[in-house]
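**Student:** I'd like to ask you about the structure that follows.
No value in this document is a laboratory result; all are computed from the given coordinates. For clarity, every value in this text was computed on a predicted model and none was experimentally measured. With ideal geometry, Cβ positions are generated from the backbone for all residues, glycine too; neighbour counts draw on all protein chains shown.
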Amino acid sequence: MKQLPQEWAEQGITYMSHSQLEKPACLRLFEYRYLKDERRDIPVGVPAIAGGSAHDAIQSVICDGIDMEDAIVTAVNRIQSHEPINELDELKTRQYVEDVVLVIENGVDALKDYEDTFVAEERVSLQHPELAQEIMGFVDLTGDNSIIEIKTKWNPFGPVKKDGTRSPRQAKLAENPDPSHVRQVAIYWAATGKMPTLVYITTQGAVTFSQDNCVLLSAESLDYHFNQILHNAIVWENLLSISTDPHVLKYWIQPNWDDFRWRFMPNNYLNQAKELWKI
């Protein structure tokens, strides 16, 4: 592992995560070097709240033996307390209060027969000779011989109809793992040596992918996807070696305002980003 520059350590630049490395460089620069800790104040929509609530509920049942009905009540209360960020988010909030019940039930049903004993949110880290920072993450479920990552998919809403209303649509069960999710579990595989399983859950049911039924989760594929995320990490550290100042790095990174992730950025933060790049 490379020596961590003292300047980085003093600024808290000591690790990278999958969620950070999946972001385009312009968004990563804005959130992690310009906003820094303020990025945690960016409001999120109810899908993130519902996803976290369902994760916590499923983990508490599987790992801690919490009664499922009690776990569901906690998840529902958490979603109900969410403050919607817009009208569509308000519609989703009302719908997901109902949907989370089925998602939790389907998730527990998909995981209840595993013979392994699981621990929730175990921290894993990887130190690579090409990097000064560690790559770290928290695994949803870690067993003696396996790791499981849970992904929830929420029912989207259709377009506005002539009467001004929207109706929810059924989220489809995944036919294949999302490449981003494969890169995520590839980090965990590289850090632990344990083969990963991805479980996708909707109100309609759950589908499980592992090396037994999905070539994307074979050792060869995991190695390939890990090298993708490693390349992102090396490029990011090369940029930080130029400067950690966003007002300097902005000249090395071209913003892509068409990236879909900017659409979820509140206007006050989006305006700050455009001001940073003088747009």
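**Student:** Can you give me the span-like helices of the chain, meaning DSSP H runs with 15 Å or more of Cα extent along the axis and Kyte-Doolittle mean at or above -0.5?
**Tutor:** Correct list, ordered by number: 46-64, 68-80, 87-111, 179-192, 219-242.
**Student:** Right, another one. What is the magnitude of the charge dipole of region 170-279 about its Cα centre, with +1 placed on the Cβ of each Lys and Arg, -1 on the Cβ of each Asp and Glu, and no other charges, expressed in debye to the nearest 20?
**Tutor:** Taking the Cα centre of region 170-279 as origin, the dipole is about 340 debye.
**Student:** Then there's this: Could you tell me whether region 131-279 comes out rounded, prolate or oblate from its Cα gyration tensor? Rule is a ≥ b ≥ c as square roots of the eigenvalues, rounded for a/c under 1.5, then prolate if a/b exceeds b/c, otherwise oblate.
**Tutor:** Oblate.
**Student:** Assign unit charges at the C-beta atoms only (+1 for Lys and Arg, -1 for Asp and Glu), then state the dipole size of region 159-226 relative to its Cα centre in Debye, rounded to the nearest 20.
**Tutor:** 500 debye
**Student:** Given the DSSP H assignment, sum -39500 (n - 2.57) over each helix run of at least 4 residues in the chain and divide by its residue total; what's the result at 222 nm in deg cm²/dmol, nearest 500?
**Tutor:** It lands at -14000 deg cm²/dmol.
**Student:** Under 1.5 on a/c is rounded, so check that first for region 37-137, then, if it is not, pick prolate when a/b is larger than b/c and oblate when it is not; a ≥ b ≥ c are the square roots of the alpha carbon gyration tensor eigenvalues.
**Tutor:** Oblate shape, in that a/c is at least 1.5 and b/c is the bigger or equal ratio.
**Student:** Hey, got the dipole for the chain? About the Cα centre, +1 on K and R Cβ, -1 on D and E Cβ, debye to the nearest 20?
**Tutor:** I would put it at about 1280 debye.
**Student:** Next question. So what is the relative contact order of the chain, in percent, for Cα pairs below 8 Å that sit 6 or more residues apart?
**Tutor:** Relative CO of the chain lands at 21 percent.
**Student:** Also, quick follow-up: Please report the relative contact order for region 155-225, taking Cα pairs under 8 Å with a sequence separation of at least 6, and give it as a percent rounded to a whole number.
**Tutor:** RCO, region 155-225: 28 percent.
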